[in-house]
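A short worksheet on the structure shown next.
The values are calculated or read from the model by the stated rules, or taken from the named source; none is laboratory data. On a predicted model such as this, the values are computed, not experimentally measured, just so you know. Neighbour counts are summed over all protein chains in view; Cβ atoms, including those assigned to glycine, are modelled from backbone coordinates with ideal geometry. We work out accessible area using only protein heavy atoms, side chains counted, and drop any ligands, DNA or RNA first. Shrake-Rupley method; radii C 1.70, N 1.55, O 1.52, S 1.80 Å.
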Amino acid sequence: MGITECDNMLMLLSVSQKMNDKDRERVMPLMIRGFRDAAEEGGTSVTGGQTVINPWIIVGGVGSVVCQPNEFIMPDGAVPGDVLVLTKPLGTQVAVNAHQWLDQPERWNKIKLVVTKEEVKEAYQEAMFSMATLNRTAAGLMHKFQAHAATDVTGFGLLGHANNLAAQQRNEVAFVIHNLPILAKMAAVSKACGNLFNLVQGTSAETSGGLLVCLPREQAAKFCSEMKSQSSGAGGQGAAGGAWIIGIVEKGDRRARIIDKPRIIEVPPRGSQAANQDNSSTSPSPSPNLL
């Protein structure tokens, strides 16, 4: 909704009852510090919360803010002709699982023909960088470029959240997705393991994903360009430093769909030659049938 400020942050911390004292004293302070660091990056601080004992380790929280109506954007104003932009690449679930499979020969043997161990490790690192990147920059740019609606892409995958957003629109519109920016090699991994994650179909879960934004046609490329320029100074392009035009808004039945053969945009790891070449470009390269 274009909110960039947070007045108050509460933390929920769950300590695993399976942890011994040594592990608990080592791990839990690091989790607390990481949560506080993220809050500080977001311009706020942790003012309270709750700690519980649980079978699993959990960390989470809730942020709240009091603001004026002109400080947020209702997620229901998309109009035909708008352009869909995604601010983080897809494939985090695949990358994390592929990394786990490095030590599981039965699983690894299914994907080793399409990806190397080094490429899996790079994708895993990119997924980590992406998940650790706040959506604060994108939220601010929503105001600058007159966004009409947006949602974050998380556990229901791109198509799940796109459908949720489309259903909320005041106008009779449909979202049509043509392009899928995906962490390098992860589309091939998903296919090699029998579409276990349905990544290209849009239902693979994304943790801490980007924003799916509906922008006026004339503003979309500018939004993407500024997203890249604002992030390129913080360690390079890579997964956490871009925005991609992925589709269009047209008149329809308040649903979203991915075309049968979407264009896969391989998002290279930061620091790679491909990422550096992408950084040198001053504007995004959307599919010609979208703009």
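Entry remark, segment 55-96: residues being touching a helix residue (DSSP H, G or I) at 6+ places or on another chain (Cβ under 8 Å) and open to solvent by 70 Å² or more (accessible area, probe 1.4 Å) number 1 in total. Of the helices (runs of 4 or more DSSP H) lying entirely inside segment 97-203, those containing at least 3 residues that are farther than 27 Å from residue 65 by Cα and open to solvent by 30 Å² or more (accessible area, probe 1.4 Å) are 105-111, 117-131, 186-192.
Only one of the numbered conditions (1) under 15 Å from the mean Cα position of the chain (by Cα); (2) modelled with pLDDT under 95; (3) of a type outside the set (Gly, Ala, Ser); (4) open to solvent by 20 Å² or more (accessible area, probe 1.4 Å) is violated by residue 270, and that is (1). Evaluation of residue 43 against the conditions (1) touching a Cys at 6+ places or on another chain (Cβ under 7 Å); (2) assigned to a helix (DSSP H, G or I); (3) of a type in the set (Gly, Ala, Ser) shows that the sole unmet condition is (2).
Does residue 230 satisfy the condition of being among the polar types (S, T, N, Q) and either within 20 Å of residue 251 (Cα to Cα) or in a loop (DSSP other than H, G, I, E, B) (or both)? When the stated conditions are applied, residue 230 does not pass them.
Take the residues in segment 240-260 that are over 17 Å from residue 150 (Cα atoms) and modelled with pLDDT of 95 or more, then tell me which one is surrounded by the most Cβ atoms within 10 Å (Cβ to Cβ). Walk me through it before giving the result.
Filtering segment 240-260 down to residues over 17 Å from residue 150 (Cα atoms) leaves 240-241, 251-253, 258-260.
If we keep only those that are modelled with pLDDT of 95 or more as well, we get 251-253, 258-260.
Details: 251: 11, 252: 17, 253: 9, 258: 21, 259: 12, 260: 5.
Checked segment 240-260; the qualifying residue surrounded by the most Cβ atoms within 10 Å (Cβ to Cβ) is 258.
Exactly one residue out of 189, 176 is farther than 22 Å from residue 270 by Cβ and of a type in the set (A, V, I, L, M), and it is 176.
On the basis of being assigned to a loop (DSSP other than H, G, I, E, B) and at pLDDT below 65, does residue 237 make the cut? Quick ask: steps written out before the conclusion?
Values: assigned to a loop (DSSP other than H, G, I, E, B): yes; at pLDDT below 65: yes.
It is true that residue 237 is assigned to a loop (DSSP other than H, G, I, E, B) and at pLDDT below 65.
Here is the figure for segment 10-34: residues that are open to solvent by less than 40 Å² (accessible area, probe 1.4 Å) and not small (Gly, Ala, Ser) total 5.
Please find, among 160, 155, the residue that is over 18 Å from residue 85 (Cα atoms) and not hydrophobic (A, V, I, L, M, F, W, C). Working first, answer last.
Working: 160 fails: over 18 Å from residue 85 (Cα atoms).
On inspection, the qualifying residue turns out to be 155.
For segment 37-54, residues that are exposed (fewer than 15 other Cβ atoms within 10 Å of the Cβ) and within 19 Å of residue 133 (Cα to Cα) total 5.
Determine which member of the set 145, 72, 129 is within 16 Å of the chain's Cα centre (by Cα) and under 21 Å from residue 226 (Cβ atoms).
129
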